[in-house]
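The values are calculated or read from the model by the stated rules, or taken from the named source; none is laboratory data. From a predicted model like this one, the values you see are computed outputs, not experimental measurements. Note that we place each Cβ from the backbone using ideal geometry, even for glycine, and neighbour counts take in every protein chain shown.
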Amino acid sequence: MVIAGQFPKGQVLLSLLKGNIIRNNVKIPFSIKRPLSPHITIYSFPLTSVLSIGHRATGVALGSLVYALGVFSAVSVVDVSKTANWIRINVPSSAIVASKFILALPYTFHFSNGIRHLVWDMGYCLSLSSVYTTGYAVLASTLFGSGILASL
């Protein structure tokens, strides 16, 4: 029987280095090859976590894209109108619409979820059921808005 607090803090790190993990003060060797629960491959993330991570990721990606396009436009000699005409002539319209839809997804998601956060900041829709309802509304408005932008 293992008594709680039996392993000092330094021994936990030493045990990890030796190939063991300590769970509830019991040494379990890595050789058992069982995943730590809840393992990422079997864990179903709640909608709130997915939308939060997605909002942060799209914010970082869109911000980085703005900086990259700014630097590119400052140092590039590419004629944008000629490139756009070449794409319009040589690429099928279905591929153009699909590409525009994919490019519009992060913008519309970040915009919709940003509005959701502003609503929260005003103190509305903070109950758990409202959080999930607004989460599904964000997903629906993302698809709807991306479809509209892709059709332009």
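Taking segment 122-142 as the range and being small (Gly, Ala, Ser), assigned to a helix (DSSP H, G or I) and more than 22 Å from Thr108 (Cβ to Cβ) as the test, only Ser129 passes.
Within segment 133-146, residues that are within 9 Å of Leu47 (Cβ to Cβ) and at pLDDT 95 or above have Cβ atoms under 8 Å from residues that are surrounded by 15 or more Cβ atoms within 10 Å (Cβ to Cβ) and of a type in the set (Lys, Arg) in these pairs: Gly135/Arg116, counting only partners at least 6 apart in sequence or on another chain. Assessment of segment 85-94 against the conditions (in contact with a Lys or Arg (Cβ under 8 Å, 6 or more places away or on another chain) and surrounded by 11 or more Cβ atoms within 10 Å (Cβ to Cβ)) yields no matching residue.
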